[in-house]
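Comments concern the structure below.
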Amino acid sequence: MTVIDNKYEIGDRVDLVSDPDQLLRVVTSFHVYKAGEIMYNVACGERHSEHYEFELSTEKDLTLSD
């Protein structure tokens, strides 16, 4: 049996660490690839995007905002 060690769960609220506006996003799904790589799909309003774990955070980076 394979165990997936995902950091974020569906429904988790996350921020994209490179987003200067630090807009809230919600994890809508994630894909696990053969090499064990996990890509998280997140939604921000009607926009959806896919990111690596290191691109996401549960804490806002206040140094990015004006």
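Under a crude label model (7 Å from the Cα following the beta-carbon direction), how far is LEU24 from GLU9 in nanometres?
With each label point 7 Å from Cα toward Cβ, the separation is 1.8 nm.
Carbon and sulfur together cover what percent of the accessible area of the chain at a 1.4 Å probe radius?
It is 52 percent, rounded to a whole number.
Using unit Cβ charges (K, R positive; D, E negative) and no other charged atoms, how large, in debye to the nearest 20, is the dipole of the chain about its Cα centre?
Taking the Cα centre of the chain as origin, the dipole is about 240 debye.
Projecting each Cα onto the charge dipole of the chain (Lys/Arg +1, Asp/Glu -1 at the beta carbon, about the Cα centre), which of GLY36, THR2, GLN22 comes out farthest on the positive side?
The one lying farthest along the dipole's positive direction is THR2.
Report the Stokes-Einstein translational diffusion coefficient (µm² s⁻¹, integer) for the chain, Rh taken as the Kirkwood radius over Cα pairs, at 37 °C with viscosity 0.692 mPa s.
In µm²/s, the coefficient is 265.
The values are calculated or read from the model by the stated rules, or taken from the named source; none is laboratory data. As the structure is a prediction and not an experimental result, all values here were calculated from the model. Virtual Cβ from ideal backbone geometry, glycine too; neighbours counted across all protein chains shown. Only protein heavy atoms, including side chains, enter the accessible area calculation; ligands, DNA and RNA are left aside. Shrake-Rupley method; radii C 1.70, N 1.55, O 1.52, S 1.80 Å.
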